[in-house]
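For reference, the structure discussed in these notes is given below.
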Amino acid sequence: MAKRGMARHPAPLREILSTVPGITFGAGEAGSQAARVKRNRQLPENTPTLRRLREIVTAALMRNPLFFSAALPHRILPPFFNRYEGGETFGDHVDNAIRRPWRSEVNIRTDVSTTLFFTDPEEYEGGDLVVEDTYGDHTARLPAGDAIVYPSTSLHRVEPVTSGARVCSFLWTQSMIRDDWKRTLLFDLDSRIQRLRAQLGETDDLVGLTSHYHNLLRMWAEV
Ligand code: NI
């Protein structure tokens, strides 16, 4: 099931992306199945501002409690930045299970995928992110600054952008909780505890439920 959350301060990122000279979107790389259906462009690794852009996005996600609760991150891969225009699209694919960051020796398992939008839905046509899960298709087309988090196990695609341009960041997280269902259950439990606490304040039962949350996390987490 897909979830969404806010990353604060999208404006400086958008400014860097749109005004810094020398930023060009290249072909990018993908796994062999994905490469056959990938028709978009992404910032190459040698882009001068890429490190700064990555720091801003990663820091914004790490301070977002909703992202933390949904993804339960163990390791976050450096974010990428992509752009779709003029009919560009990314057909149905599943993301590679294991990725190694550029110039790194560490393999990271992709459990959770995140797409962070820099362009508003009114700025382009098409470009829906469609994620398939057991309950059918979920479509995301979010305002600039919003992100969607979904399991990397799901088949997904980006519909053709038929006018304007769609600019996003996307990244993968290795979660402390590998299993999608266990992660979903923990997210649901945590969300309900937070809502109850907002309604009732701290109560003995809420302390007990919070203890169950942490004990499940303790039982299941790989860190
Ligand atoms: Ni993908």
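For this structure, a couple of remarks:
- Within the stretch 99-112, the only residue that satisfies the criterion of being out of contact with any helix residue (DSSP H, G or I) (no Cβ under 7 Å at 6 or more places or on another chain) and surrounded by 23 or more Cβ atoms within 10 Å (Cβ to Cβ) is Asp111.
- Taking each residue of the stretch 28-41 that is closer than 23 Å to Gly164 by Cα and aliphatic (A, V, I, L, M) and looking for partners that are surrounded by 13 or more Cβ atoms within 10 Å (Cβ to Cβ) and modelled with pLDDT under 85 with beta-carbon atoms closer than 9 Å, six or more apart or interchain, yields Val37/Ala30.
- Considering residues of the stretch 148-176 that are of a type in the set (A, V, I, L, M) and out of contact with any Ser or Thr (no Cβ under 9 Å at 6 or more places or on another chain) only, the residue modelled with the lowest pLDDT: Leu155
- Flag if Val131 is away from the ligand (no atom under 15 Å from the Cβ), surrounded by 15 or more Cβ atoms within 10 Å (Cβ to Cβ) and either of a type in the set (Lys, Arg) or farther than 24 Å from Ala221 by Cα (or both): no
- Any chance Gly145 is at pLDDT 95 or above, on the phi > 0 side of the Ramachandran plot and not hydroxyl-bearing (Ser, Thr, Tyr): no
- Restricting attention to the stretch 80-94, the residues that are within 13 Å of the ligand (Cβ to nearest atom) and in a loop (DSSP other than H, G, I, E, B) add up to 1.
The values are calculated or read from the model by the stated rules, or taken from the named source; none is laboratory data. What you see is a predicted model; the values in this text were computed from it and never measured. A quick note on method: Cβ atoms are made from the backbone with ideal geometry, for glycine too, and the neighbour counts reach across all protein chains shown.
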